[in-house]
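Remarks on the structure that follows.
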């Protein structure tokens, strides 16, 4: 075969971790809907930009929490199992986040 299928990686999350991440995303989704409503109601530009900045900060917080959980679980477990290639994957992930 010229191409091999590699199934996507998955991760089992605790109920607490899943709930915390979903709650963050629900708040972000609400913030996005609020910005859309501001546009539809002809809100002033700087007010919209302020809300947009808050969404960016909320997404950064979500990313920090998810990354911390990833390092504590997936990365640590793979390193303990001798799968050092997870370090290269983490470096690439961090580089993407820092763009």
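Taken together, the values in this text are just the output of simple stated rules run on the coordinates, not laboratory data. From a predicted model like this one, the values you see are computed outputs, not experimental measurements. No Cβ is skipped: glycine too gets one built from the backbone with ideal geometry, and neighbour counts run over all protein chains shown.
Quick check on the chain: helices-only [θ] at 222 nm, where DSSP H runs of length 4 and up contribute -39,500 (n - 2.57) each and the sum goes over total residues. Nearest 500, please.
On the way: 4 runs with 70 residues, N = 99.
Using -39500 (n - 2.57) per qualifying helix, the result is -24000 deg cm²/dmol.
Would you work out the relative contact order for the chain, in percent, from Cα pairs under 8 angstrom that are 6 or more residues apart? Before the final figure, lay out the partial values.
Working: 25 pairs, mean separation 24.0, N = 99.
In percent, rounded to a whole number, it is 24.
When only alpha-carbon atoms count, how far does segment 22-80 stretch along each of its three principal axes, as whole angstroms with the largest first?
That gives 55, 18, 10 Å along the principal axes, largest extent first.
Between segment 58-92 and segment 1-28, what is the C-alpha centre distance in whole Å?
13
Using a cut-off of under 20 Å, list every residue of segment 1-25 whose amide N is near the label point 7 Å from the Cα of residue 85 along the Cα-to-beta-carbon line.
Within reach of a label on residue 85, which here means backbone N under 20 Å from a point 7 Å along Cα→Cβ, segment 1-25 contributes 1-12.
Please arrange 6, 73 by how many other C-beta atoms lie within 10 Å of their C-beta, fewest to most.
On the way: 6 6, 73 15.
Lowest count first: 6, 73.
Between residue 49 and residue 73, what's the calculated FRET efficiency when r is the beta-carbon distance and R0 is 25 Å? Round to 0.05.
Working: r = 36 Å, r/R0 = 1.46.
Working from the Cβ atoms, E equals 0.10.
Which percent of the Cα-Cα distances in the chain go past 20 Å? Walk me through the numbers before you get to the answer.
Values: 2745 of 4851 pairs.
Of all Cα-Cα pairs in the chain, 57 percent lie more than 20 Å apart.
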